[in-house]
Amino acid sequence: MSDNQRPSIWGRLLSAGGRPLPRAVAEYVLQLRLTEADHSRLDELADRCQLGALTAAERHEYEELVQAGMLLSIWHAQARAALRTTGAAAHG
């Protein structure tokens with residue numbers, strides 16, 4: 001399995017078997033964020049990556065932060081979709 005497949009696998013796990021997430025879970029997922037320290041570190045590592053100056057450990061850390069951000073984006077999209085679905089069901 002390639003590292004690029006990890007976020008999509010985690011996204012599928014969160015998809016609840018094709019059922020919308022319960023409203024409380026979706027609202028919780030939307031609160032999940034990288035910390036300010038994580039964002040700062042990601043920016044620092046991205047700058048060093050552009051310069052070709054990352055160590056092997058920094059490259060691994062950078063890739064982990066990027067994957068975490070992609071995973072959060074997938075989860076947030078699924079949570080927003082679940083809230084739209086549960087909102088429509090509650091009003092329809």
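The values are calculated or read from the model by the stated rules, or taken from the named source; none is laboratory data. Computed from a predicted model, the values in this text were never measured in an experiment. A quick note on method: Cβ atoms are made from the backbone with ideal geometry, for glycine too, and the neighbour counts reach across all protein chains shown.
General remarks:
- Taking first residues from segment 22-45 that are surrounded by 15 or more Cβ atoms within 10 Å (Cβ to Cβ) and of a type outside the set (A, V, I, L, M) and partners that are assigned to a helix (DSSP H, G or I) and modelled with pLDDT under 95, the Cβ contacts under 8 Å between residues at least 6 apart in sequence or on separate chains come to ARG23/ALA82; ARG23/LEU83; ARG23/THR86.
- Restricting attention to segment 58-87 and to residues that are under 20 Å from LEU21 (Cβ atoms) and among the β-branched types (Val, Ile, Thr), the residue that is surrounded by the most Cβ atoms within 10 Å (Cβ to Cβ) turns out to be ILE74.
- Residues (of a type in the set (S, T, N, Q) and modelled with pLDDT under 95) located in segment 52-75: GLN67, SER73
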